[in-house]
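The block underneath contains the structure these notes are about, expressed in structure tokens.
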Amino acid sequence: MKLERRFADAIIEQALAEQPNEACGLLAGNDGIATRIFKMTNAERSPVLYRMEPAEQLRVFNEMDEAGLELVAIYHSHTRSPAYPSSTDVQLAYYPEAAYLIVSLRDIEQPELRGFRIVDGKVEEVELEYE
Amino acid sequence: MTVTVKIPTVLRKHTDGNATIEASGASVKELIQDIVRQYPDFKERVLSDDDQLHRFINVYANDEDVRYLDGIDTKVSDGDTVAILPAVAGGSGGSANEVSETNRSDRPA
């Protein structure tokens, strides 16, 4: 999938700012191309879990509807493990229409961002093409 | 009492593709029971074994998270809108079952 560099930078910046806890957020746009980023609150405030704050989630979903935007991607950070969906990520992947982006901070000097589709429990990597 | 319930994309395969369902009931619980009568597969998607709302399913009555109202017993009236929205959640470790209620920090300040 195509991704503007500024979104990747913003995701990494947020992940670094919120460590040791996991950071999370959404990318919205059209035709699979993100045009807006929504940084979300991790209601779990945990280094191993994220759950978007429910009221904020509804508010942002409604805002996306009103703006004619689709959910393009869901992103979160793994602070100590690889940028690959965990069993928890797969189990809770309720949004098959979205790409799941994971940024790993395992190597703090070189955060790694990768994208996946998680459909019916199956994980498939989607290559991120920066533009 | 008829209430329109919005069904998220991911659950529509259990509702014959319907994005909204007209359900009858005076509470969120009764609405869900009515939907389950129409679509039996729906039950395990939204309710836990003890018939409470699944931890990662958010239900909103008129845009309010019912967890901060009366939960599954939240009353509804004609013309209300109820939305079911799976949580956006995951994480590197632990298991989904370990997300403890005591750890919840999403209560309004």
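The values are calculated or read from the model by the stated rules, or taken from the named source; none is laboratory data. Bear in mind the structure is a predicted one, so any value in this text is a computation, not a measurement. Positions of Cβ are backbone-derived with ideal geometry, glycine not excepted, and every protein chain shown enters the neighbour counts. Heavy atoms of the whole protein, side chains included, go into the accessibility calculation; ligands, DNA and RNA do not. Shrake-Rupley method; radii C 1.70, N 1.55, O 1.52, S 1.80 Å.
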Fill in the blank from the handout: Calc'd 3J(HN,Hα), the range A:61-66, phi into Karplus 6.51 cos²θ - 1.76 cosθ + 1.60 (θ = phi - 60°), Hz, glycine/Pro = x, comes to 4, 5, 4, 5, 4, 5
Handout entry: the protein assembly as shown, dipole about Cα centre (Lys/Arg Cβ +1, Asp/Glu Cβ -1), debye to the nearest 20
Key = 240
Practice task
Quickly work out the B:T9-to-A:D31 label distance, labels modelled 7 Å from Cα along the C-beta direction, and quote it in nm with one decimal.
Solution key: 1.7
Exercise for the section: Enter the buried accessible area of the B/A pair, total of both sides, probe 1.4 Å, in Å² rounded to the nearest 100. Expected result: 2600
Practice task
Could you name the lysines whose alpha carbon sits less than 27 Å from that of B:K43, not counting residues in the same chain fewer than 8 places away?
Solution key: A:K122, B:K6, B:K13, B:K29, B:K75
Completion exercise
Between B:T81 and A:R59, the two model label points (7 Å from Cα along the beta-carbon direction) sit apart by a distance in nm of 1.7
Practice task
For chain B, give the percent of accessible area contributed by carbon and sulfur heavy atoms, probe 1.4 Å, rounded to a whole number.
Solution key: 42
Problem - Calculated SAXS-style log₁₀ I(q)/I(0) at q = 0.11, 0.12 Å⁻¹ - chain B, Debye, Cα scatterers - result: -0.34, -0.41
Practice task
Taking the Cα centre of the range B:2-105 as origin, sum charge times position over the Cβ atoms of Lys and Arg (+1) and Asp and Glu (-1), and report the length of that vector in debye to the nearest 20.
Solution key: 320
Exercise for the section: Please state the charge dipole magnitude for chain A, taken about the Cα centre, from unit charges on C-beta atoms (+1 on K and R, -1 on D and E), reported in debye and rounded to the nearest 20. Expected result: 300
Exercise for the section: For the range B:2-105, build the charge dipole from Cβ charges (+1 Lys, Arg; -1 Asp, Glu) around the Cα centre, then report which of B:S92, B:V36, B:G71 sits farthest towards its positive end. Expected result: B:S92
Exercise for the section: Provide the per residue accessible area, probe 1.4 Å, for chain B, rounded to a whole number of square angstrom. Expected result: 50
Practice task
Working with all protein chains in place, sort B:H14, A:H78, B:H54 by solvent-accessible area computed with a 1.4 Å probe, largest first.
Solution key: B:H54, B:H14, A:H78
